[in-house]
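Scroll down for the structure; my scribbles are underneath it.
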Amino acid sequence: MSFYVTTPIYYVNAAPHLGHAYTTIAADVLARHHRQRGEEVFFLTGTDEHGEPVADAAHALGISPQELADRNAERFRALAPRLGASNDFFIRTTDPQHMAVVQDVLARVHAAGHVYEGVYEGWYCPRCADFKAENEIEIDEGNRCPIHHVELTREQEQNYFFALSAFQQPLEDLYAERPDLVAPATRRNEALSFIRSGLRDVPLTRQRLTWGVPVPWDPEHVFYVWFDALLNYYSALSYARPGSDLTGAFWPANCHLIAKDILRFHTVYWPALLMAAGLELPGRVFVHGYLLMEGEKMSKSLGNVLDPFEVIDRFGADALRFYLLRDVSFGQDGSVSTAAFEQRYESELANDLGNLASPTLAMVARYRDGAVPPGPPDPLLAPDFAGLPDRVCEQIDAIELTGALEEIWRRVRRLNRYVEERAPWRLAKEPDRAGELDEVLRTLVEGLRVLAVLLWPYLPASSERLLEALGAPDRALAGARLGAGAVAQVRALEVLFPKAPEPA
Ligand code: ME8
């Protein structure tokens with residue numbers, strides 16, 4: 001089995017922010033989860049470097065597009081490991097290998113008769129790098145972009161067009177045959193109604209722009225940035241591992257993660273382009289919601305900016321990953337705030353998990369010299385943990401990242417209740433109840449092991465520390481059952497989530 005997951009490639013016209021971090025974190029959870037299932041995984045992220053948004057931003061700064069791209073691509077490349085993201089490759093659309101694949105695929109699309117020459121006349125938003133139909137424009141406010149509210153330019157260009165309209169019926173058929181190609185359902189319906197409203201042909205090339213991939217059959221033109229960008233998902237596999245082509249092993253992608261801002265490109269243009277090129281279509285396009293950062297209340301230690309770099313410096317990447325996937329139901333829009341972040345950090349990470357893990361190991365050290373009493377776990381917990389890995393797999397297969405985390409967290413709380421119920425500190429004072437204490441200690445240790453395995457995709461660094469303290473490094477999901485492991489000896493574990501750490 002293989003699993004190929006992608007994030008959008010981010011524009012290098014600006015620096016990375018929390019929204020970019022969000023998609024990368026979500027993709028990483030999927031990648032790690034599938035690795036735990038024993039699958040071959042390829043996780044791709046990177047940067048989108050051509051086109052008007054980048055050329056314009058560079059011009060405004062008085063530097064070349066390549067300089068701006070180099071500068072900001074480095075910041076995006078550095079963000080991934082700081083988030084704990086385990087991407088297998090970082091693609092840049094200025095990579096010559098990518099550019100060669102774009103030329104090759106689009107020349108084939110041209111040769112297959114899906115491209116014709118014509119004059120484009122209409123509105124264009126330089127911020128979206130997108131052409132706008134008359135009915136999309138806010139006429140009242142002048143001719144402005146409905147997304148960016150900047151003034152649209154009137155473009156008249158000799159262009160090559162991609163005959164998108166010819167794919168209207170094939171796309172409608174595709175959506176009928178593959179009801180879960182696009183999820184959630186609201187986004188699927190949005191895409192489908194756009195298709196049904198009638199597709200127009202779209203410019204495939206730009207003549208006025210030079211910052212792009214040259215069109216092989218007419219070098220006066222460069223490809224329209226979206227066709228160049230979308231093909232990253234395909235080109236990367238051919239050169240990510242020098243000397244071996246991964247296309248056969250991983251194409252097509254199982255899951256493209258995006259937000260709704262780029263829905264149309266991924267659910268209309270992309271499948272049409274793949275059909276035109278004779279390439280296989282992706283398993284799924286999953287559209288997550290927006291992080292909304294309005295109505296910010298000041299928080300004690302973070303002020304009022306939820307800057308991913310600052311949060312990571314202070315609280316670690318795991319805390320940011322947890323917060324974003326826990327507090328905003330994945331797939332829906334949700335507000336994020338520093339106050340809510342701190343609340344989750346203190347009550348759930350520091351309290352529910354942190355105050356369960358280190359004190360449990362400390363008890364085993366104090367009462368049993370760190371040796372875990374052998375024997376089966378307490379049957380009392382069996383029903384609560386039964387079938388848990390399967391439940392988590394089901395949720396993740398449906399890209400319910402928040403739902404899967406809630407499944408796991410219910411067991412974190414269950415284990416906390418178990419501690420209250422069995423009160424091991426009290427048992428430790430009664431020598432004739434040593435057998436009961438043994439059972440509680442080994443059950444807690446085993447429960448922690450199971451939780452650490454399940455939480456690993458979300459909290460990789462903390463889970464690894466916990467598994468290491470348990471001397472149980474195996475992260476395979478098959479082992480996430482009570483009694484499946486045999487921890488013999490535990491080591492001390494430093495506090496996993498220290499309270500309100502000082503600024504770094
Ligand atoms: O659109 N909430 O790049 P981009 C959630 N280069 N996610 C957010 C977000 C927010 N507030 N802001 C950004 C592009 N994102 C193109 C993509 S793909 C072939 C080319 C995330 O830098 C989300 O994934 O504008 C969104 O789709 C993406 O960043 C847009 O990144």
PRO203 vs (1) farther than 23 Å from ALA107 by Cα; (2) surrounded by 14 or more Cβ atoms within 10 Å (Cβ to Cβ); (3) not hydrophobic (A, V, I, L, M, F, W, C): all pass except (1)
Conditions (1) away from the ligand (no atom under 16 Å from the Cβ); (2) closer than 21 Å to PRO170 by Cα -> PRO271 fails only (1)
Scanning the stretch 326-353 residue by residue, those buried (at least 21 other Cβ atoms within 10 Å of the Cβ) and part of a helix (DSSP H, G or I) turn out to be THR338, PHE341, TYR345, LEU349, LEU353
If you go through LEU263, LEU279, the only one that is within 16 Å of the ligand (Cβ to nearest atom) and closer than 23 Å to THR23 by Cβ is LEU263
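Results for (1) in a loop (DSSP other than H, G, I, E, B); (2) of a type in the set (Lys, Arg); (3) touching a residue at least 24 places away in the same chain (Cβ under 8 Å), shown as yes or no for each residue.
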| residue | (1), (2), (3) |
| --- | --- |
| VAL440 | no, no, yes |
| GLU446 | no, no, yes |
| ARG449 | no, yes, yes |
| PRO457 | yes, no, yes |
| GLU468 | no, no, no |
| PRO473 | yes, no, no |
| ARG481 | yes, yes, yes |
| GLY485 | yes, no, yes |
| GLU494 | yes, no, yes |
Flagged pairs (Cβ under 7 angstrom, 6 or more apart or on separate chains; first in the stretch 23-37, within 13 Å of ILE258 (Cβ to Cβ); second small (Gly, Ala, Ser) and near the ligand (Cβ under 10 Å from one of its atoms)) are THR23/ALA259
Here, strands (runs of 3 or more DSSP E) confined to the stretch 103-216 with at least 2 residues that are modelled with pLDDT of 85 or more are 115-125, 153-162
Selection over the stretch 422-437 where residues are assigned to a helix (DSSP H, G or I) and in contact (Cβ under 8 Å) with a residue 12 or more places away in the chain yields a count of 6
Filtering the stretch 241-258 for residues that are within 16 Å of the ligand (Cβ to nearest atom) and surrounded by 19 or more Cβ atoms within 10 Å (Cβ to Cβ) leaves a count of 5
The residue from SER2, SER64 that alone is away from the ligand (no atom under 15 Å from the Cβ), over 27 Å from LEU401 (Cβ atoms) and touching a helix residue (DSSP H, G or I) at 6+ places or on another chain (Cβ under 8 Å) is SER64
Cβ pairs under 7 Å, 6+ apart or interchain, first in the stretch 222-244 and farther than 11 Å from VAL101 by Cα, second outside any loop (DSSP other than H, G, I, E, B) and acidic (Asp, Glu), ordered by first then second residue, are ALA229/ASP48
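Name the residue that is farthest from the ligand (Cβ to nearest atom), counting only residues in the stretch 7-56 that are assigned to a helix (DSSP H, G or I) and among the small types (Gly, Ala, Ser). Show your work before the answer.
The initial filter retains those residues of the stretch 7-56 that are assigned to a helix (DSSP H, G or I), namely 18-36, 52-56.
Adding the requirement that they be among the small types (Gly, Ala, Ser) leaves 19, 21, 26-27, 31, 55.
Values: GLY19: 2, ALA21: 9, ALA26: 9, ALA27: 9, ALA31: 15, ALA55: 14 Å.
Among those that are assigned to a helix (DSSP H, G or I) and among the small types (Gly, Ala, Ser), it is ALA31.
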The residue that is farthest from GLY471 (Cα to Cα), considering only those in the stretch 377-405 that are outside any helix (DSSP H, G or I) and either in contact with a helix residue (DSSP H, G or I) (Cβ under 8 Å, 6 or more places away or on another chain) or of a type in the set (Lys, Arg) (or both), is ILE399
Over the stretch 57-76, the set of residues in a helix (DSSP H, G or I), of a type in the set (A, V, I, L, M) and more than 27 Å from the chain's Cα centre (by Cα) is ALA58, ALA60, LEU61
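The values are calculated or read from the model by the stated rules, or taken from the named source; none is laboratory data. Note that this is a predicted model, so its numbers are computed, not measured. Positions of Cβ are backbone-derived with ideal geometry, glycine not excepted, and every protein chain shown enters the neighbour counts.
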